[in-house]
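Asks: Sharing a structure below in structure tokens format, with a few things to ask.
The values are calculated or read from the model by the stated rules, or taken from the named source; none is laboratory data. Here the structure is a predicted model, which means the values were calculated and not measured. Heads up, the Cβs are rebuilt from the backbone with ideal geometry, glycines too, and the neighbour counts pull from every protein chain shown.
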Amino acid sequence: MEKSLVIDPAKCTSCLQCELACSFEHEGVFNPARSRIWVFELEHGARAIPFTCTQCAEAWCMRACPVEAITVNHTTGAKEVDADLCVGCKVCAIACPFGAINYDVERHVVAKCDLCGGDPQCAAACPTGAITWVDAGQTGYERMRAWAVGTDAALSH
Amino acid sequence: MTATNASTIRIQIKATGLLADYLPATANAGTAEMEVPDGATPGDVIERLGMPGDARYLVILNGHTVSRDERGTRVLQSGDRLVLSPPLVGG
Amino acid sequence: MGWQRKILRVNLTEGRCTVEPLNMDWAFAYLGERGLASKYLMEGMDPKADPMGPENLLIFVTGPLTGTMASTSGRYAVVTKGPLTGAIACSNSGGKFGAEFKFAGYDLLIFEGRAANPVYLHLVDDQAELLPADEIWGSSVWDTDAWLKSRHQDSRLKIAAIGVAGERGVRYACIVNDLHRAAGRSGVGAVMGSKNLKAIAVRGTRGVGVKDPKRFMQATRDAKAALRDNRGRQEMTKLGTNAMIDAMQEFGGLPTRNFHAVQFEGVEKINPRAMMRTHVDGHRNLVTNKACFGCTIACGRIAHVDPHHFTIVNHKEYWHASGGLEYETAYAFGPLVGVDDIDALTFAGYLMNEHGMDPISFGGTLAAAMELYEMGVITDADTDGVALRFGNAEALTVMAERTGKFEGFGQILGLGSKRMCEKYGHPELFMGVKGQEFAGYDSRALQGMGLGYATSNRGACHLKHDTFAEDMEDQSGNGKAVPCKESQDRTAMVDSTGVCLFTTSAWGVDEFRAQIDAACEGEWTNERLLEIGERIWNLERQFNLAAGLTAADDTLPKRLLEVPAPGGVAAGKVCELDKMLNEYYQVRGWTDDGRPSNETLARLGL
């Protein structure tokens, strides 16, 4: 089953364990600056929102790459960068409307979320369930549930 | 044996922190009135309410602490006020 | 591994930044954070130096676990000589700032001397520059934070700063990082101000490594599971530390109206239940909870002050959410001064973060001022026309602002309770130890707390020991010396790791050892870690003795030693400090006059 990350900002406490997990998984060190997922704080810290690549079906980054370094992993659905092919032109970073692919100044290639090959470490590390790993076709399911409960006058009190 | 109920006594119970979630639905601001069997101890009340057993609870009966040893032996009286607090880290 | 093995030494007098290797002998003997910086302090300055003078060192320090994936790995400390106390000051903070300067590559930042003009440090990895702070001198912490991010076009900068209170030498001015976390106590912000250092703005891209990554990840995973399953931790996550206020109210250990009472009739209006109450118009005090860097507890609160409340109804700039009530602020702005208006408490809390002041010491000072006012020693003529009566919410919020801006009677409140009470001829109204005001626990009810308050090396502090369980179980002075000493050593160790003290709700020494041993070179045992804790405690004591403190300073105010608690479980009791103190010195291996014996010093390598 293809799965997807689901982010529920209401549960995010801005602990940044996801950023630590991501950098550790990919770089072997704890370094949020090199994470592929980042948490954004708004309103004096009242709101915290993790964000990362949404694994577009028709990905701008993939289409823009002049050396075809970005391909689809057909098991996970992730768009993955082949660092050996990547020339570091950064056109993909320009093309992505979400800022989700960025240049890695240490490796001189681009880096993005690759869903950790099917076991995303950010979701594993998240202590509150703000990041979960669910069926890609039902990412709205729990959100819909919350509203469904609200429509039943007997339940909503 | 007669068919009457075993006798009960009425106590007031206050629970602080998340322990308040274990009080009966009639509770208000962490305080509730409860019927407990005559001869019940604070330990019995903790069990009756389904609170997790934890020796580190602070137990106060009528304004005096009940030591850990006594929780299973001190007998409650009608009109007693029992306070239960969870272990906390100071901050 | 664990440590970055690098320090940045900033000579403010000469305007020079140099990088030095970390003294690894000291790192192995003192671990990091509190212990390591205390050693640097002891070796780097004369303990008799003026805390507000250029000879005082101001040290920002992380632990070996800071910046790793261990839970709560965001901790750092500020270590210096405290202007409030004249003793060693070690003020701990969370947020994101500490992890950031660790990621920039440094274990310690040491500030020496005094800048001729206001400056700030801009630190990005290897690039360290002292830049003019004229445009932000006189600004609040929050304005400074925004200005720096804009000036450097870098919203990812993490900033630690002082407000006007620190600039003007309010004795309990603090250093605020990430808008609403703080190195709060003992006046470390005033030291920063005395050096003309306004702020530190840092970004780091270097990362932190560990000795054995696989074993480290297993150890941190196990430790996180213990924390997740722990009920004390759950209380903090769901209710915040203010859950303590209901427990202290029932126990009768909640200091009220400058320690005249031990229970407060207004608790139900300011407790966690009140914070979560939704009003008819939809307003609710509590917005959400919040974590520091790496933290899986998230005890922090984010709150909203009711926009119709008198404090902010005409001040749109405060209609946003910000840091909400934690226990000490709720105590110091609630029962201690008799106020039960949750919006006043929350707003005054905002002001502490905006202007950079310690709420505990401010509340303690205001409480003493209220007592002076009610006695008629000071009048409206002294207090800018504000009636400083216990229970007056306006007195709380107006004076918080005045003191933050160092205006009017705020300049007197800025002296701290001890100096203010002495100024008005009533030193007995100061409720604290070694010049530092008490936290929210009355030691007539919590006897071990009394011993901890009296012997804490940084003045009255509730965090340097843990005799909670013993104090709840037994309200006499019996059997408190040993658990006090042991928990002081253990806590000194925890304070030196880079993780948060609140993990001790679930972690014992085993959990700390497993994570440290996987992260740091060398072999780490429980014994070694606890010995480090004891070494740190004795080193701090040595600093204080050299600074001129004596056993006579290990005492409590008469109100706690002679006036019985008026209610609660300890009704009729006073604090039995004398009984506990002698036993404590013995247990410590100190002489009768509170000095570490030669044998103890030799055993600890001091």
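Asks: Within the range C:546-562, is even one residue under 18 Å from C:GLY35 (Cβ atoms), surrounded by fewer than 17 Cβ atoms within 10 Å (Cβ to Cβ) and of a type outside the set (Phe, Trp, Tyr)?
Replies: Scanning the range C:546-562, I find at least one residue that is under 18 Å from C:GLY35 (Cβ atoms), surrounded by fewer than 17 Cβ atoms within 10 Å (Cβ to Cβ) and of a type outside the set (Phe, Trp, Tyr), so the answer is yes.
Asks: Still on this structure, I have one more. Can you give me the number of residues within the range C:142-173 that are of a type in the set (A, V, I, L, M, F, W, C) and either part of a helix (DSSP H, G or I) or under 14 Å from C:LEU415 (Cα atoms) (or both)?
Replies: Of the residues in that region, 8 qualify.
Asks: Just give me the residues in the range C:563-605 being more than 14 Å from chain B (Cβ to nearest Cβ), of a type in the set (A, V, I, L, M, F, W, C), outside any helix (DSSP H, G or I) and buried (at least 17 other Cβ atoms within 10 Å of the Cβ), in sequence order.
Replies: C:VAL574, C:CYS575, C:TRP590
Asks: Ok, one more. Could you tell me whether the range C:297-305 includes any residue that is surrounded by 24 or more Cβ atoms within 10 Å (Cβ to Cβ), at pLDDT 95 or above, within 14 Å of another protein chain (Cβ to nearest Cβ) and over 25 Å from B:LEU88 (Cα atoms)?
Replies: yes
Asks: Could you tell me which numbered condition C:THR467 fails, if it satisfies all but one of (1) more than 18 Å from C:LEU577 (Cα to Cα); (2) in the same structural domain as C:PRO557 (by TED's automatic domain parsing)?
Replies: (1)
Asks: Given the conditions (1) within 8 Å of another protein chain (Cβ to nearest Cβ); (2) within 18 Å of the chain's Cα centre (by Cα), and given that C:LYS238 satisfies all but one, which numbered condition is not satisfied?
Replies: (2)
Asks: Give me the pairs: first residue in the range C:155-180 and closer than 29 Å to A:ARG47 by Cβ, second residue at pLDDT below 95, beta-carbon distance under 7 Å, and six or more apart or on different chains, which are they?
Replies: Between residues of the range C:155-180 that are closer than 29 Å to A:ARG47 by Cβ and residues that are at pLDDT below 95, the close pairs are C:LEU179/A:HIS44; C:LEU179/A:GLY45; C:HIS180/A:GLY45.
Asks: Restricting attention to the range C:489-529, and to residues there that are of a type outside the set (A, V, I, L, M, F, W, C), without any contact (Cβ under 8 Å) to a residue 60 or more places away in the chain and within 14 Å of another protein chain (Cβ to nearest Cβ), which single residue is surrounded by the fewest Cβ atoms within 10 Å (Cβ to Cβ)?
Replies: C:GLY508
Asks: Please enumerate the residues belonging to the range A:117-157 that are within 14 Å of chain C (Cβ to nearest Cβ) and either over 20 Å from A:GLU19 (Cβ atoms) or assigned to a helix (DSSP H, G or I) (or both).
Replies: A:GLN121, A:CYS122, A:ALA124, A:ALA125, A:HIS157
Asks: Which condition from (1) more than 14 Å from chain C (Cβ to nearest Cβ); (2) farther than 18 Å from A:ASN102 by Cβ; (3) at pLDDT 95 or above; (4) over 14 Å from the mean Cα position of the chain (by Cα) is the one that A:THR75 breaks?
Replies: Condition (3) is where A:THR75 drops out.
Asks: Grab the helices (runs of 4 or more DSSP H) fully contained in the range C:5-114, keeping just those with 2 or more residues being surrounded by fewer than 24 Cβ atoms within 10 Å (Cβ to Cβ) and not hydroxyl-bearing (Ser, Thr, Tyr).
Replies: Those helices (runs of 4 or more DSSP H) span C:24-30, C:33-44.
Asks: Something else: Name the single residue that is nearest to C:PHE502 (Cα to Cα) among those in the range B:74-91 being free of Cβ contacts under 8 Å to residues at least 60 places away in the same chain and within 13 Å of the chain's Cα centre (by Cα).
Replies: The qualifying residue nearest to C:PHE502 (Cα to Cα) is B:ARG74.
Asks: Assess whether C:ALA400 counts as being crowded, with 20+ Cβ neighbours inside 10 Å and either of a type in the set (A, V, I, L, M, F, W, C) or in a strand (DSSP E or B) (or both).
Replies: The answer is yes for C:ALA400.
Asks: For the range B:18-91, list the strands (runs of 3 or more DSSP E) that sit wholly inside it and hold at least 2 residues that are of a type in the set (A, V, I, L, M, F, W, C) and more than 14 Å from chain C (Cβ to nearest Cβ); which are they?
Replies: Once the strands (runs of 3 or more DSSP E) in the range B:18-91 are filtered for at least 2 residues that are of a type in the set (A, V, I, L, M, F, W, C) and more than 14 Å from chain C (Cβ to nearest Cβ), what remains is B:31-37.
Asks: So C:VAL124 fits all but one of (1) surrounded by fewer than 24 Cβ atoms within 10 Å (Cβ to Cβ); (2) away from every other protein chain (no Cβ under 14 Å); what number is the exception?
Replies: (2)
Asks: I've got another one for you. Among the listed residues C:GLY334, C:GLY338, identify the single one that is at pLDDT 95 or above, surrounded by 22 or more Cβ atoms within 10 Å (Cβ to Cβ) and in contact with a strand residue (DSSP E or B) (Cβ under 8 Å, 6 or more places away or on another chain).
Replies: Just a single option satisfies the conditions, and that option is C:GLY338.
Asks: Count, please, the residues in the range C:446-487 that happen to be within 14 Å of another protein chain (Cβ to nearest Cβ), assigned to a loop (DSSP other than H, G, I, E, B) and not acidic (Asp, Glu).
Replies: Within the range C:446-487, residues that are within 14 Å of another protein chain (Cβ to nearest Cβ), assigned to a loop (DSSP other than H, G, I, E, B) and not acidic (Asp, Glu) number 13.
Asks: Can I ask one more? Scanning for something within 14 Å of chain C (Cβ to nearest Cβ), free of Cβ contacts under 8 Å to residues at least 24 places away in the same chain, hydrophobic (A, V, I, L, M, F, W, C) and buried (at least 22 other Cβ atoms within 10 Å of the Cβ), does the range A:12-21 turn up at least one residue?
Replies: There is at least one residue in the range A:12-21 that is within 14 Å of chain C (Cβ to nearest Cβ), free of Cβ contacts under 8 Å to residues at least 24 places away in the same chain, hydrophobic (A, V, I, L, M, F, W, C) and buried (at least 22 other Cβ atoms within 10 Å of the Cβ).
Asks: Does C:ALA226 fit the bill of being surrounded by fewer than 19 Cβ atoms within 10 Å (Cβ to Cβ) and either without any contact (Cβ under 8 Å) to a residue 40 or more places away in the chain or within 14 Å of chain A (Cβ to nearest Cβ) (or both)?
Replies: yes
Asks: Take the conditions over 13 Å from the mean Cα position of the chain (by Cα) and farther than 22 Å from A:GLU106 by Cα and apply them to A:HIS26. Does it pass?
Replies: no
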